[in-house]
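Worksheet for the structure shown next.
No value in this document is a laboratory result; all are computed from the given coordinates. Everything numeric here is computed off the predicted structure, so don't read it as measured data. Here the Cβ is made from the backbone with ideal geometry for all residues, glycine too, and neighbour counts use every protein chain on show.
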Amino acid sequence: MVAAGKVLIALTPGADLFVLSPEADRFAPLARYKVAEGATYAMPVVSGQRLFIQDSSSVALWTIE
């Protein structure tokens, strides 16, 4: 998991990106995105309002709003 402001971002090996709200007793899911066609093995990188996702063949840039 990676902190991104007030939320946490989790990326699965199957390329599902979850945006989570850290609650006192759990992580509440806020959104789910499919971010790549192939498998993802690296942690996502947050830089300002940018999110970099690496899959098996490329790096994608997503913008956080």
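Which whole-number percentage describes the relative contact order of the chain, with Cα contacts under 8 Å and a sequence gap of 6 or more? Relative contact order for the chain comes out at 24 percent. Label positions at Met1 and Tyr41, each projected 7 Å from the Cα along the C-beta direction, are separated by 2.5 nm. Evaluating 6.51 cos²θ - 1.76 cosθ + 1.60 at θ = phi - 60° for every residue in segment 41-50, the Karplus couplings come out as 10, 9, 5, x, 10, 9, 9, x, 9, 10 Hz, glycine and proline recorded as x.
Once the convex hull of all Cα atoms in segment 2-63 is built, its volume per residue stands at 76 Å³. The loop-placed trypsin sites (Lys or Arg not before Pro) in the chain, going by DSSP, that have at most 15 neighbouring Cβ atoms within 10 Å of their Cβ come out as Lys6, Arg26.
Give the residue list of chymotrypsin sites (Phe, Trp or Tyr not before Pro) in the chain that are DSSP loop and have at most 13 other beta-carbon atoms within 10 angstrom. Hits after loop and neighbour filter: Tyr41.
Applied to segment 29-39, the Karplus parametrisation 6.51 cos²θ - 1.76 cosθ + 1.60 on θ = phi - 60° returns per-residue 3J(HN,Hα) values of x, 9, 7, 9, 9, 8, 10, 7, 7, x, 6 Hz, with x for Gly and Pro.
A crude spin-label estimate for the pair Lys34 and Ser57, with each label 7 Å from Cα along the Cβ direction, gives 1.6 nm.
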